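These notes concern the structure reproduced below.
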Amino acid sequence: MNYKFKFTQKPKDAGNLVSSLIKEGCCKIIIIGGDVTLHEAINGQNIDFRKVTLGIIPTGTMTL
């Protein structure tokens, strides 16, 4: 299995990363972060969930 780690550095990075990964043909993406990161990653994206699987590992400051 091939994998890449990508890290956000500034606002809107998560959405840009998801867009570029999908354009590269990535079909499985795991998002690690809080609700803002998740919102940025999927908001406004044209994600075909028949072709792309998203996994979420919640690590936000309010995550219990």
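The values are calculated or read from the model by the stated rules, or taken from the named source; none is laboratory data. Since the model is a prediction, treat every value here as computed from it, not as a measurement. As a convention, Cβ positions derive from the backbone with ideal geometry for all residues, glycine included, and neighbour counts pool all protein chains shown.
With respect to the conditions (1) more than 10 Å from the chain's Cα centre (by Cα); (2) outside any loop (DSSP other than H, G, I, E, B); (3) charged (D, E, K, R), residue 40 falls short on a single one, namely (1). Scanning segment 43-64 for residues that are among the β-branched types (Val, Ile, Thr), at pLDDT 90 or above and under 12 Å from the mean Cα position of the chain (by Cα) yields 52, 53, 56, 57.
For the structure I just gave you, tell me whether residue 29 is surrounded by 15 or more Cβ atoms within 10 Å (Cβ to Cβ) and of a type outside the set (Asp, Glu).
On the way: surrounded by 15 or more Cβ atoms within 10 Å (Cβ to Cβ): yes; of a type outside the set (Asp, Glu): yes.
Criteria met by residue 29.
In this entry, residue 22 is excluded by the filter for residues that are loosely packed, with under 12 Cβ neighbours inside 10 Å, of a type in the set (A, V, I, L, M, F, W, C) and either touching a residue at least 24 places away in the same chain (Cβ under 8 Å) or in contact with an Asp or Glu (Cβ under 9 Å, 6 or more places away or on another chain) (or both).
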